[in-house]
Every structure is written in structure tokens, then in C-alpha cells.
Amino acid sequence: MMANMLIWLVFLPLIGAILLFTIPKENVNVIRSLATIVSGMALILTVIIWGGFDRGVSGIQNGTTLPWFDLGFLQINFEIGIDGLSMPLLLLTTLVTTLSIFASFSIEKRVKEFYIWTLILLSGMLGVFVALDMFLFFLFFELTLVPMFFLIGIWGGKMRSYASFKFLLYTGIGSGIMFMTFLAIFTKGAEAMNFQGTSFSMIRLAEIFANPANPEVLSEGVKAALFLGLLVAFAIKLPVFPFHTWLPNAHVEAPTAVSMILAGILLKMGGYGLIRAGFGILPDQAAKFATLIAILGLINIIYGALLALVQTDLKALVAYSSISHMGIVLLGIASFTHSGMQGAVFQLVSHGFISALLFFMVGAMYERTKTRTISEMGGLSKSVPILAGFMLAAAMASIGLPGLSGFVSELLAFIGIFGASADLIPAAMTIGIIAGIGIILTAAYLLWAMQRTTFGPIKEKFMNLPDARPMEYVPMVGLLALSLILGVYPHILSDVINTTVIDIVSRIGG
Amino acid sequence: MIVLETDWSLMTPEISLAALALLVFTIDFMTGIHGKKPFIGRLAVLSLLVTAVLVILLNPGGGSIGDLFLVDPFARLFKLIILIGVAMVIMISMYYLDRNPEVYQGEYYSIMMFAALGAMLMVSSADLITLFIGLEILSISSYVLAGFKKHHRHSTEAALKYVILGGTASAFILYGMSFLYGLTGSTSLVEIGQAMPVLFQQYPALVGMSFLFMLVGFGFKISIVPFHMWAPDVYQGSPTPVTAFLTVVSKLAGFAIVIRIFTLAFGFEGIHGEWSFILAVMAAITMITGNFIALTQNNVKRLMAYSGIAQAGYLLVPFAVVLGDFSSTVIVFYSVAYLMMTLGAFAVITLVTEDSGMTDISSFAGLYYRSPYMAIAMTVFLVSLGGLPLTAGFIGKVNIFILAAAGDMLWLAIIMILTSVVSFYYYFGFIKQMFMTEPRPNDKELFVPGGLLTVVTVSLAVVLLLGIAPNLLLDIFNQYNWMPSFN
């Protein structure tokens, strides 16, 4: 029953996209409502799955394996399922997408296509989070490329063409490297089992790599190369310095709703993939490279924050803050402690809400002031107090104000890194302290930006701006409320992820 | 004498196609040289489809006429691909000839059918002589077709280049074959294959020479690097449907015969190890060259030529990795995908370039506003050529990746994956023109004639269906013993 629901969940948006296809493009309101209904149904489905999720099980739940096609020497299966890692991300995906659809009602240009692509994108993202077969994972990963290319390329800003191609090629190379590594994992897995019963299943491969029949095949060097391949592949998506350069372009050029999805969900696929494939199949290598991951995380935090500090464009500032915040994810998973890993998953979810809210606020401001340049704004709290208030709240959440979700995830990640075993990360304490400085920088650039945009003397031309429309309250209140709930009552999330996280951490005996 | 005792019914499809081609030829004579003759086009399509049905229905068990002519699953599948491919090309041609009345129409269709006949003979032959006859019927028909717009300089140039270089390639092939005949005294591929293990021990240099000469000649026919130089010029100058024919039918038939010869004659274990590496390197160079040069092209037909070169590289990969049923399954699957996505794309290209009168990529500007269905279909074909999900191209390509990795040629898979990413850039360049650029001011809504609509719809349906349910085809393929005469 539940397993079938996962299949329905993945294909529902695709069916919705096909339905939208049949509606004449003049019926804008019908199209908008249908898109909302479809993603709303997906949301309801995920909530039901969330409700039925067994918190006590560490492995895969609701799994289904259907034979898909046979190459003669290899059977490819449609294997899906969820665990404590993918469950919260599924909910994040449907929540943020539904809210971003509300945020996209202001789009007037080629409405029908916009929602068709959004729904296909939703299918792809949900597919990534439920796929357990590497082939299927790659398929869904690639499936997100084409809709995103169109969404940025048609509805984007002035440089949309450049941004969409850059996105396409960077993430295309990322998924290319990912699949190469998958192929290598598959062949090495086959060799390690003396060519008896191998598959593309990540679950099966994790077992094979844990207990190979022929351990000599899986030498340290081979395993290290495999892990580095996965690290690079997912680093492009996450993104990790120095593979991050596609992100500012894509974010800045994308329309508001797409930026929300991009920052809120798409980046999380990188973090998720790293944990699922990298830590799932090669936990010992993950532990070996813990220092590297922690240092990359540290660079992300500091570098992203420093660049955010000097941005003159508000949206670019938020984009760089995303890079900075993804560093915290790396820091958390590198620590290999219970709380660190939990903090990382928390950060994936929490940043999903907060960054989506920030991008929405920037978009709403831009729609009114027609500028994103920080220095040209000012005093907006007087002309649009409600919007300015929400933007300030979003910034506070991003900084990590206690009571909001950002605080919980950063706290957990830092507890993790400070508690990391010295065998894994020799200089954990130093890394933690420097990363702490990065967090102070976050406060600096966000507060400074808020001060320059919302406070100060009001500009003449911004005197009579309309404040929030009723429809805008949905994403604003929704996202802020979600961040607040996670901040006040984190148990609601930790409850779900706990068993799985303990299982991941215990694989290296840490 | 075996010739009299053999079961000539094995050749029924070829014989009926030959008869039908002659019939078309005769009807053309009787209806005058000039003027539009759409009915001949329809008759040609019908003939090809009838022949395809004959291929499906007759001789499901296979068989052979002496050692000359084989009917095995490999041959039958490629015959189907050829017949359906040519039928689709003719449907595209009917629109093209309607726009270009100066082309002699009857001849065009009958020559196209003879080309199909040559290709069919080729994929069925198990003997160097039958093979060469089939190859030459196909090649000579192709030379003529390339120059069909004889009052246009580019078309004449294309035909001349093609005939000179193609003739040279045929000479190379013949010379390579002569070594084999000299060593074994036989033209039968099966007998040559049986003698090969011993011969290779005794005369490695001669066998190697023979192999290399044939590789050069066939490499030209299937346009793999470094024997690809003719392709862009010929593809650009030829009438667009002929370009489609060359890219798809000629190339796939060439592939089939390369696989046949190299499997039967050079297929035994010891020697495959020797040349598989050469082929792998050539596949790699072909993928890299094709994809990177395609980046710089603005002319649609040249771009498709380089894209076709890159695709030939992909098709070469499974063959370089391993011989046998597994790689045949992967190759035939990708051939079907390639046929559909390329011909679908060419249908749209013919429509757009004929409408605008130019072959620059900017003729696609704003196609989405002018004909949404064509733009969407073209997007699916391009996405499939690029190898992105929910299309046949994705499944086909990933199968090749997996085969290469499983066959211990991970490096080749890696090159293929990386060059595929490069190809996104030019395939999506089309998409950008169609969806993200405004149409030029005097471009009106495009009318899509029925023939093109059929081709596009059929290709679109197959590309999507195989992308979602590849098991439909793979389940059938897995039961086949592709070449019973090998092993």
C-alpha cells in the first residue's frame, strides 16, 4: 500500500504535466489551479507517507522492486524506497514546490509551459529522493536538467541564456561524473563478488562493499578513487568550492519561484546523494576523507560568506549565502557524530525553507522596486512594512536566531564538529572555531544588507509601493511557520531521521 | 550443385523489392519525365512497407543459401531498420520534391528503393562477393542521390566528392578482401573465419594488412574519424532527405556489415583482443572529434553531419568492447533509437529549412510560436540524441555505458559520457533557437504536410515509448541468437 504510494507520488506530477498539456493555453486560471492541485496532492501524499513512517526502523521502508528491463547480462530494476534520510527531503520537496507555485502566480508569460516544466521537475526531484537503484537515481538526476534549463532560459533575467547553458553544462558534467563512478562501483562490485549476483542497487552494493567475497579487488586505492568520484559529482550540485560558479548565475537569473526550488530542493540533491551513495556504499572512505570534507565545508562557509559580504545585488547575496550554508552540511557529515549528521540533515531541510523564503522576499521586493541593487533600495520598512518584516525574519532565520530552524541545525552541526573524534579529523577544534567565525560573517552580511535595504531614509520613488498581496502570504507565512516549527519543536524532524542517522554513523563504529 | 537445391524463398523480400523498384521505374517512364508525381512516392512507401511485412512474416526460423546469403535475426532486424528508415526518408522526400519540382521525381524514388535493396543484400551476405555487390548497389545509388539537384553547384560538388572518395574507399575494401581470398582461397566469411586462427598464427602481417585496409574502407562508409572528412561537405550539399538517408540508412547498413565481417572473419578470441583496442581508440577519437567540431557549426546540415559522426562513435563502442549477443542487443537497440530520433529530427529540419530557404541554425528561431508540435517533437529528438532521460536515446546510451564498463573498458565509457555532455551544448542550441528566440518578423505559422506529420509522430511515439518501456524491445532481443553462424 505505502509502497504503491511512493510510485504514485513520483508519477503524479508527470501525469499532471500531461494533463496540463491538454488544456488550451488561454485558460490561465485553470492551468494555475491544476498545477496547484497536483502539487497539493503530492504534498498530501507525502504527509500521509510521513504519518505512516515507522520511526523505529533504520533501513529502507515501503520498498518496492519492479523488474524494468533486462540487458541479457544485467537486470535493471525499478527499485524505490525511503528511510529517515529521504523522508524529510521528500516532504521538503513537495512543500517548497507547492509554495513556490503559489509564488509563481505573478508570472504572466507562457504560463502553461511554466507549470508543465515545474511539474516535470517535481517528478524528477521526488524520483531522486526515492530511487535506490543507481540507474534510476541517475535517470531522475538527469531528468531535472531539462526542465531547469527551460525554466531559467525562458523565464529568467537578462543573462538567462548564459545562465541556463552554464547550469546545463556544469550539472551535466556533474551527473556524468556521477554515472561514471556508479559504473565503476558496479564493475568493482561485480568483481568483488566474483561476478555472482551483482546489481545496480545501492542497498545491495552497500552490502557487497561491506562484505566482499573477494576483498582484494576493493583495495584502498580503488575505494578512495570511487569515493572521490562521488564527492566531485555531488560537490558540483551542492555546490562545493571550487565547483560552485554555476550557482550565482543560475540563481540570479532564475525567476523567483525557480530560485526557490533551486536553492530549496535542487542543491539538497547533492547533499543527499553524497550521504546516500558516498556514505552508504563507502562509509570507510567517507571516514578517511572526513578531514577533506570538513575543510571543504569550512572553505564553503568562509568563502561564501566573504563573497556575500561584497555583493551589490541582493539576490546574488542570497545565492552566496546558500553556498556558505551548504558548508555547514559538509561540516556536519564530516564529523561522523550522531549530532553532526543530524545537524547536516536538519540543515538540508531548514535551509530549504529559509533560502526559499529569502529568495521569495527578494523577488517580491524586486517586483515592486524594479531593482535588486542594495544601494538603490532603502527605507523599505516604511513603504512595505509587512514584506520588510518577513524579509527581516527570513534573514534572522538564516543567521540562526534561536527559535528558528537555522539555529537548531547549526548548533547540532557545531556540536558534531567539536565532538568529532581526533582520529578522523585531527584539527576538528580549529576547524570548528574558524567555521564559527564564518557564522559571525553570516550575521554581518545579512544584517548589513537588511539595514541598507529596509531601514534608513526612504527613497522618494519607493513611497507608494503596494504591500503584500493576499496570495503572497501563502509562501511567506508557510515557509516562516515551517522554520519556526522546526526551531521550536525540532523533535518533529529528529524523530524521523534519528534511527537512520545512528545507523549511518555506526557503520564506521563512531 | 547447391544453387539449385537451395531454398530461394529466403530471398523473397529482396526479390519482391527488386520487382517493385523496377515497377516504380517503369511507371515513371510511362508518365513522362517532368512534373510532380506524388503517387510514385506513395507507391514506393507502400512497396517498402510490404517488403518489411514480408521480412517479418517469412522465414522466422532463418536459414542460408549456401554460404552466400544468411537470414538470421541480425540480418532481419537490420533489414527492418533499413526498410522502415527508407520508407520514412521517402515520406520526407515527398514534401521536399513537392517544393523542388526541378528534381526528376520518378527516378528519385526508384533509386532510393534500389539503395534499400543494396543495403538489404549487404546485411544478409555471408560472402565477400555478395557483400561487395550489395555495398556497391547502395553506394552507387547514394552517389546519384547526392547529386540529384544537378543544377545546384553544392549538390554537384557533393556528388563528385562522394563518388571519388567513395570509389577510393571501395577500392580499399576490395584490396583488403583480396588478401583474405589469397590466403584462404575462399570468399565465404564462414570459411575464412574457420581458417583464421591458423592463418593468424602463420601470417599475422598479411591478416593485419587485410584487416586494416578493410577498416579504412568501411571506416569511410560509416564516417568514423579519421575517415570522416567527406561527410560534412556531402551532407551539406545533398538534398536534405538524401542527407537523412546517408546519415541513417547508409550508416546503419554500413555498421551492420562491419559487424558481420569483423565478427565472422576476425571474430575469434585471439585476434579480437588485437583489434578491439584499435577500434576503441577510433571510437574515442570519433566521439571527441564529432562532438567538438559540432560545437562550431552554424549550418544545420553540417551540424547534423558532425552529430552523426559522434553517434557513429557511440555505436562503435559496444562492438569494440565485446563481440556476441550482448553487444548485438545493445547495438541494435541503439540503432533503432538512432533511426527514429535522427529521422524525426530530419523531418523537422527539412520542413524548417525548406520553408525558410536557408540552412542556417537561425532558421529555427521561434519555431515554438510557429508550430508548437514540431518544436516539442524536435526537442524530444534532440534530448534523445543528447542522451537525456525518458527517451530511447537515454536508455540506448546508458546501455552502451554499462556494456563498456562491464567489458572492462571503463575509460571508453568515460569518454563517451564526457563527450555526451559536450553535445548538450549544440543540441540545446537548437532548443534555445526554437523556444527562447522570437521568430523573424515575416515568418508565419508553419503548415505541416501529412507525410512529415506521420514521420514525426511515429518517431516521437517510438522514441518516448522506448524511453519508458525499453523492455518491449529488449525482451525480444534477449531471446535472439543474433548470428548463429558465429560461435
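Across the cross-link table entries A:Lys268/A:Lys315; A:Lys112/A:Lys166; B:Lys251/B:Lys301; B:Lys37/B:Lys79, which are compared at the Cα atoms, the separations over 22 Å belong to A:Lys112/A:Lys166; B:Lys37/B:Lys79. A straight Cα-to-Cα reach below 15 Å connects B:Lys432 with the aspartates and glutamates A:Glu113, B:Asp360, residues fewer than 8 places away in its own chain not being considered. In terms of other Cβ atoms within 10 Å, A:Lys188, A:Lys166, A:Lys25, A:Lys109 run from fewest to most in the order A:Lys109, A:Lys25, A:Lys166, A:Lys188. A simple rule links phi to the HN-Hα coupling: the Karplus curve 6.51 cos²θ - 1.76 cosθ + 1.60 with θ = phi - 60°, which for segment A:116-130 gives 4, 5, 4, 5, 4, 4, 4, 4, x, 5, 4, x, 4, 6, 9 Hz, with x for Gly and Pro. Mean sequence separation of contacting Cα pairs (under 8 Å, at least six apart), scaled by the length of chain A, corresponds to a relative contact order of 16 percent. With helices as the sole contributors, chain B gives -25500 deg cm²/dmol at 222 nm; each DSSP H run of n ≥ 4 counts as -39500 (n - 2.57), and the sum is divided by every residue. Amide H contacts of B:Asp127: B:Leu189, each under 5 Å away and 5 or more positions distant or on a separate chain (H built 1.01 Å from N in the peptide plane; Pro and chain starts excluded). Once C-alpha pairs closer than 8 Å and six or more residues apart are averaged by separation and normalised to the residue number of chain B, the relative contact order reads 15 percent.
Rounded to the nearest 20, the size of the Cβ-charge dipole of the protein assembly as shown about its Cα centre is 2660 debye, with Lys and Arg at +1 and Asp and Glu at -1.
Of B:Leu128, B:Met409, B:Phe29, which is farthest towards the positive pole of chain B's charge dipole, taken about the Cα centre with +1 and -1 on the beta-carbons of Lys, Arg and Asp, Glu respectively? With unit charges placed on the Cβ atoms, the residue in question is B:Phe29. Here B:Met409, A:Met361 are placed in order of increasing Cβ neighbour count within 10 Å, fewest first, which gives B:Met409, A:Met361.
Shielding of peptide B:387-399 by partners, expressed as the average count of other chain Cβ atoms within 10 Å per residue Cβ, is 4. Per residue, the average separation of C-alpha pairs within less than 8 Å and at least 6 apart gives segment A:21-84 a relative contact order of 23 percent. With K and R counted +1 and D and E -1, the other residues having a Cβ less than 12 Å from that of B:Pro372 yield a net charge of +2.
A cut-off of 5 Å between modelled amide H atoms, ignoring neighbours fewer than 5 places along the same chain, links A:Phe69 with A:Ile76.
Reducing segment A:468-486 and segment B:42-76 to their Cα centroids gives an inter-centroid distance of 66 Å. Could you work out the local net charge near A:Pro239, counting Lys and Arg as +1, Asp and Glu as -1, over the other residues with Cβ closer than 15 Å to its Cβ? Combined, the nearby Lys, Arg, Asp and Glu give +3. Basic side chains Lys and Arg get +1 at the Cβ, acidic Asp and Glu get -1 at the Cβ, and with that the dipole of chain A about its Cα centre reaches some 1380 debye. From the alpha carbon centroid of segment A:172-228 to that of segment B:135-177 is 49 Å. Inter-label distance, B:Asn299 to B:Ala19: 4.4 nm, where each label sits 7 Å from its Cα along the C-beta direction. Extending 7 Å from the Cα toward the beta-carbon at both A:Val232 and B:Tyr181 defines two label points whose distance is 5.2 nm. Extension gain, A:Ala213-A:Ile7: 0.36 nm per intervening residue step, less the Cα-Cα distance, totals 70.8 nm. The residues neighbouring B:Thr329, those whose beta-carbon lies less than 13 Å from its own, together hold a net charge of -3 under the Lys/Arg +1, Asp/Glu -1 convention. Straight-distance candidates among the lysines for linking to A:Lys188, with alpha-carbon spacing under 27 Å and chain neighbours fewer than 8 residues away dropped: A:Lys223, A:Lys237, A:Lys288, B:Lys397. FRET efficiency for the B:Ile278 to A:Ile44 pair, using the beta carbon distance and R₀ = 56 Å, is estimated at 0.45. Applying the Karplus relation 6.51 cos²θ - 1.76 cosθ + 1.60 with θ = phi - 60° to segment B:87-99 yields 3J(HN,Hα) values of 4, 5, 4, 5, 5, 5, 4, 4, 5, 4, 5, 5, 7 Hz, where x marks Gly and Pro.
Computed from backbone phi with θ = phi - 60° and the Karplus coefficients 6.51, -1.76 and 1.60, the 3J(HN,Hα) list for segment A:306-314 is 5, 5, 4, 4, 9, 6, 9, 9, 4 Hz; x is used for glycine and proline.
Values in this text are rule-based calculations from the coordinates and carry no lab data. Here the structure is a predicted model, which means the values were calculated and not measured. Virtual Cβ from ideal backbone geometry, glycine too; neighbours counted across all protein chains shown.
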